[in-house]
1. Scan the range 59-77 for residues that are exposed (fewer than 14 other Cβ atoms within 10 Å of the Cβ) and aliphatic (A, V, I, L, M) and report the count.
2. Within the group Gly3, Gly24, which residue is at pLDDT below 90, loosely packed, with under 13 Cβ neighbours inside 10 Å, of a type in the set (Gly, Ala, Ser) and more than 17 Å from Met104 (Cβ to Cβ)?
3. Determine whether Ala117 is surrounded by fewer than 14 Cβ atoms within 10 Å (Cβ to Cβ) and closer than 17 Å to Gly149 by Cβ.
4. For the range 54-80, what are the residues that are assigned to a loop (DSSP other than H, G, I, E, B) and either touching a Phe, Trp or Tyr at 6+ places or on another chain (Cβ under 8 Å) or within 17 Å of Val109 (Cα to Cα) (or both)?
5. Identify all residues within the range 131-142 that are within 22 Å of Ile98 (Cβ to Cβ), modelled with pLDDT under 85 and not small (Gly, Ala, Ser); write none if there are none.
6. Go through the range 97-133 residue by residue and tally those that are more than 25 Å from Glu46 (Cα to Cα) and either of a type in the set (A, V, I, L, M) or not in a loop (DSSP other than H, G, I, E, B) (or both).
Amino acid sequence: MRGKARHAAATPNAGAKGDREREGAVIAEVWLGDCPRDIVTSPDGELVYVLTTDSVKAVNGLHHVESIPIGVEEPKRMMMSSDGSRIYVTGHDSAVSIIDPNNMTAKTVATPRSTAAIVSPDGDYIYLAHGTAVADRRSTWLSAIRADGTAVAFAAAEGFTTGLALSPNGRRLYVASAASSSDHRGGKIAVVDTASFKAIDFIAVDEIRRPSRPTPKASYTSPTSTPTPSPLWTRVHIAPSPLPSTMPLWRSWPGRRPNSYTRPIHTP
């Protein structure tokens, strides 16, 4: 897939450019290389960051592009802190790249593969959930990595972690986990205090049951015409249906074909 950043006008302009730069119209395309993976914008909207296979591209309002090389071999997601001070890139391999957008530099640290990630509002930490089971084979674990690349906290999480969320002030980390047993289809949300990195509450989550569909009614009939129906075949009527639904089903030995009276009799 070829990579281009499209710049769309946010508000209509007056005059001759009004039609061309109307709201939502594409007014520029910027070549960024191959395989763009993710995109984020700075809090002030002045810069757009595009994740590619080997770097993060920073595009300004004049469509000038600067490249920040990253060490993640298979990048999958890019996250920016709410204050714009840090960008974190996670990958399918065991690595995380930490980017300083102000200095346009990146540092890559090795981490176990993660199943979920979230960045603190101030950009000082990234929280990761890891799918590698610990000794009891039923729990995964969490880690907190500081902006300088240092791992500063670890905690076990029951079940398989499927998502992470943070409170607006960054003091509470919410960890959504699926049940560890196939017999239990629900899950739970653990509330973790980010200062102590300990769980302070648990919220049970029941399984979401989908509305069941009505089971079609089936009736079996034999043809009324002669000769006598063969015991090797039958007909199935499926109701209700807006279309004719009678169709023959038969069983026969190899080389045998049903008689002519096995043609379907369509019924409304």
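1. Total meeting the criteria: 1.
2. Being at pLDDT below 90, loosely packed, with under 13 Cβ neighbours inside 10 Å, of a type in the set (Gly, Ala, Ser) and more than 17 Å from Met104 (Cβ to Cβ) holds for just one of Gly3, Gly24, which is Gly24.
3. Taking the combined requirement at face value, the residue does not satisfy it.
4. As a first pass, look at the range 54-80 and keep what is assigned to a loop (DSSP other than H, G, I, E, B): 54, 60-64, 70-74.
Those that are assigned to a loop (DSSP other than H, G, I, E, B) and either touching a Phe, Trp or Tyr at 6+ places or on another chain (Cβ under 8 Å) or within 17 Å of Val109 (Cα to Cα) (or both): Asp54, Ile70, Gly71, Val72, Glu73, Glu74.
5. Taking the range 131-142 as the starting set, the residues that turn out to be within 22 Å of Ile98 (Cβ to Cβ) are 131-132, 141-142.
From the residues that got through so far, the ones that are modelled with pLDDT under 85 too are 131-132.
Of everything in the range 131-142, just one residue is within 22 Å of Ile98 (Cβ to Cβ), modelled with pLDDT under 85 and not small (Gly, Ala, Ser), namely Thr132.
6. The qualifying residues number 12.
Per-residue answers, yes or no, for (1) closer than 24 Å to Thr108 by Cβ; (2) modelled with pLDDT of 85 or more; (3) in contact with a Gly (Cβ under 7 Å, 6 or more places away or on another chain):
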site: Ala129; (1), (2), (3): yes, yes, no
site: Ala144; (1), (2), (3): yes, yes, no
site: Thr150; (1), (2), (3): yes, yes, no
site: Phe154; (1), (2), (3): yes, yes, no
site: Pro168; (1), (2), (3): no, yes, no
site: Arg172; (1), (2), (3): no, yes, no
site: Ser180; (1), (2), (3): no, no, yes
site: Pro211; (1), (2), (3): no, no, no
site: Thr215; (1), (2), (3): no, no, no
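One line per residue, one yes/no per condition, for (1) among the hydrophobic types (A, V, I, L, M, F, W, C); (2) touching a Leu at 6+ places or on another chain (Cβ under 9 Å):
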{"site": "Pro75", "(1), (2)": "no, yes"}
{"site": "Met104", "(1), (2)": "yes, no"}
{"site": "Thr108", "(1), (2)": "no, no"}
{"site": "Ser114", "(1), (2)": "no, yes"}
{"site": "Ala129", "(1), (2)": "yes, yes"}
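The values are calculated or read from the model by the stated rules, or taken from the named source; none is laboratory data. None of these values were measured; they are calculated from a predicted model. We place every Cβ from the backbone using ideal geometry, glycine too, and count neighbours over all the protein chains shown.
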